[in-house]
1. Hey, among the residues in the range 74-114 that are at pLDDT 95 or above and of a type in the set (Val, Ile, Thr), which one's farthest from ALA132 (Cα to Cα)?
2. List every residue pair whose Cβ atoms lie under 6 Å apart, where the two residues are 6 or more positions apart in sequence or sit on different chains, the first residue falls within the range 84-108 and is touching a residue at least 12 places away in the same chain (Cβ under 8 Å), and the second residue, located anywhere, is surrounded by 15 or more Cβ atoms within 10 Å (Cβ to Cβ) and among the hydrophobic types (A, V, I, L, M, F, W, C).
3. Confirm whether ILE73 is over 12 Å from the mean Cα position of the chain (by Cα) and hydrophobic (A, V, I, L, M, F, W, C).
4. Kindly provide the set of residues from the range 148-166 that are small (Gly, Ala, Ser) and not in a helix (DSSP H, G or I), ordered by number.
5. List every residue pair whose Cβ atoms sit under 9 Å apart, with the two residues 6 or more apart in sequence or on different chains, where the first one lies in the range 32-58 and is among the acidic types (Asp, Glu) and the second, anywhere, is at pLDDT 90 or above.
6. Does the range 123-130 include one or more residues that are more than 14 Å from the chain's Cα centre (by Cα) and over 21 Å from ILE46 (Cβ atoms)?
7. In the range 14-73, how many residues are closer than 17 Å to LEU149 by Cβ and among the hydroxyl-bearing types (Ser, Thr, Tyr)?
8. Residues that are surrounded by fewer than 18 Cβ atoms within 10 Å (Cβ to Cβ) and in contact with a strand residue (DSSP E or B) (Cβ under 9 Å, 6 or more places away or on another chain): list the helices (runs of 4 or more DSSP H) wholly contained in the range 59-147 that include at least 3 such residues.
Amino acid sequence: MAKVTTTHGKYKGVVVNTTDYKAVNRALLKRKEELERALVKRFTDIGEKCVTIARDPHPGDWGDVTGNLRSSIGYVVLKDGQAVVEGASKQYSGPKGDGSDGPAAAEALLTQLQAKFPTGIVLIVCAGMNYAAYVENVRHKDVLTTAELLMESLIRKHLTNNGIVK
């Protein structure tokens, strides 16, 4: 910190800055890393909750025929464009299929979306089957809507409780 000395060489009342900026920088970087780890952990918890809600059968559900749509629901947490946590896709079977196409569709969509977020810490939750939007928008069934609302609510609550946003 800056300190006032009464004499400094031939001058009186000179302000001399004795701050160790390297120590300040180290402390800031350490705190940044702690915050990033905490945010990744929180996003992982939120991603798990969202995927669980989206996969579990509930009123307004679409009714699993092949198991592919339910199997294609997954998430990833990115840090500066790199996956640090991946929510493993689970294979579910339906009356007319074993759901084997779902996990690969989730992986492909998550990889495609990952390229769009090269910086920051990001949580992506998706339903990888190409007809997921049709089931949501045309058939008016809840594929990811409830999970999305929960995710927004939990993230807003976390950021507000930690003083990041008001």
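The values are calculated or read from the model by the stated rules, or taken from the named source; none is laboratory data. Worth saying up front: this structure is predicted, and the values here are computed from it rather than measured. Here Cβ is always computed from backbone atoms with ideal geometry, including for glycine, and neighbour counts include all displayed protein chains.
1. VAL84
2. VAL84/VAL40; VAL84/VAL77; VAL85/VAL77; GLU86/VAL76; GLY87/VAL51; SER89/ALA106; ALA105/MET129
3. Working: over 12 Å from the mean Cα position of the chain (by Cα): yes; hydrophobic (A, V, I, L, M, F, W, C): yes.
Against the criterion (over 12 Å from the mean Cα position of the chain (by Cα) and hydrophobic (A, V, I, L, M, F, W, C)), ILE73 qualifies.
4. The answer is GLY163, and nothing else.
5. Short answer, once both residue conditions are applied: GLU36/LYS79; GLU36/ILE121; ASP45/LEU154; GLU48/TYR75.
6. Yes.
7. The total comes to 1.
8. Values: elements: 68-71, 101-114, 132-137.
It comes to 101-114.
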